[in-house]
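Asks: Structure incoming, see below.
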Amino acid sequence: MDLKKVVKRLELMLEHPLPGRLGQITMSPQPIDEKRFASMIRDDHRKGAVLMLFYPDADNSFIPFIKRPSYPGVHGGQIALPGGKWEPEDSDLSITAIREAEEEIGIDASKVKLLGKLSDVYIPPSNFMVSPYIGFLEETPIFHPDPKEVERIINCPFPLLLDKNIRKVTKVSASSGLSLEAPYFDIEQEVIWGATAMMLGEFTYLWDSTKF
């Protein structure tokens, strides 16, 4: 799928109202944790941002995901979009998303063109409110992953992300010890679930429901 065509469709798509919860719950673990949604979000939550970055390679468009190294903690070993915690020097969360992507996967932040953002996703176990931004690069990047932050980069062809056949369900154990039925995206035999899957759920819901 040619990047120029994808970007044009993304621009049109992001002019529409975001579906928010309606899109997010399509890929939310079951039973749904209502603490994710506005009425039960803690006042002392921290802020973060991630970047859904489109880039061209040959005749297709790709999106990079990262696999975090295994470590004690909520998100060790999980698959995510590049991103991280808001810092006081960040003028807004879009800067956070681009800065963290540059630090984690080595892209040139000055070349990222932002298109907009999706709905925020609250992550109860780590008390983070995460803002997902969408942007693109006009040329194929040479990635330089930070080994402390990134075990591997997964370069996902965009058409694959839209393929309903990669959406599956598995059982996972939440940090609370609760067993959950988790919808996930199966990409390169990796399980993309939780908050990242919910962001992608809203994205694909909006993409599929927008008339072009």
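Bear in mind that the values in this text are calculations on the coordinates, not laboratory data. These figures come from a predicted structure and were not determined experimentally. Here the Cβ positions follow ideal geometry from the backbone for every residue, glycine too, while neighbour counts run over all protein chains shown.
Asks: Strictly over 32 Å apart at the Cα level, which of LYS4/LYS171; LYS111/LYS211; LYS47/LYS168 would you flag in this model?
Replies: Values: LYS4/LYS171 38 Å; LYS111/LYS211 29 Å; LYS47/LYS168 29 Å.
Pairs exceeding the cut-off: LYS4/LYS171.
Asks: Could you rank the peptides 184-191, 159-166 by their average count of other C-beta atoms within 10 Å per residue, with the highest value first?
Replies: Numbers: 184-191: 16.5, 159-166: 12.8.
Ranked from most to least packed, the peptides come out as 184-191, 159-166.
Asks: With N set to the number of residues, divide the alpha-carbon radius of gyration of region 1-68 by 2.2 N^0.38 Å and report two decimals. Could the numbers behind the result be given before it?
Replies: Values: Rg = 16.2 Å, N = 68, 2.2 N^0.38 = 10.9 Å.
That works out to 1.49 for region 1-68.
Asks: Just how far, in whole angstrom, is region 120-140 from region 171-212 if you go by their alpha carbon centroids?
Replies: Spelled out, the Cα-based centre of one part sits 14 Å from the other.
Asks: Please state the Cα pair-distance histogram of region 112-190 with 5 angstrom bins from zero: what percent is in each bin?
Replies: For region 112-190, the binned pair fractions read 3, 10, 11, 17, 28, 20, 8, 3, 1 percent.
Asks: Give me the distance between the Cα centres of region 1-69 and region 148-162, rounded to whole Å.
Replies: 14 Å
Asks: Per residue, how much space in cubic angstrom lies within the convex hull of the C-alpha atoms of region 171-212? Don't jump to the answer; show the numbers that get you there.
Replies: Values: hull volume 3.3 nm³, N = 42.
Given the Cα convex hull of region 171-212, per-residue volume reads 78 Å³.
Asks: Something else now. Taking one equal scatterer on every alpha-carbon of region 3-209, how large is log10 of I(q)/I(0) by Debye at q = 0.13, 0.15, 0.19 1/Å?
Replies: Here the Debye-derived log intensity ratios amount to -0.69, -0.95, -1.67.
Asks: Still on this structure, I have one more. Shape verdict for region 57-151, please, from the Cα gyration tensor: rounded (a/c under 1.5), prolate (a/b greater than b/c) or oblate.
Replies: Details: a/c = 1.68, a/b = 1.24, b/c = 1.35.
Oblate is the answer for region 57-151, as a/c is 1.5 or above yet b/c matches or exceeds a/b.
Asks: Moving to a separate point now. Extension gain MET1-ARG152, at 0.36 nm per residue separation less the Cα-Cα distance, in nm?
Replies: On the way: separation 151, 0.36 × 151 = 54.36 nm, distance 2.42 nm.
Extending this stretch completely gives an extra 51.9 nm.
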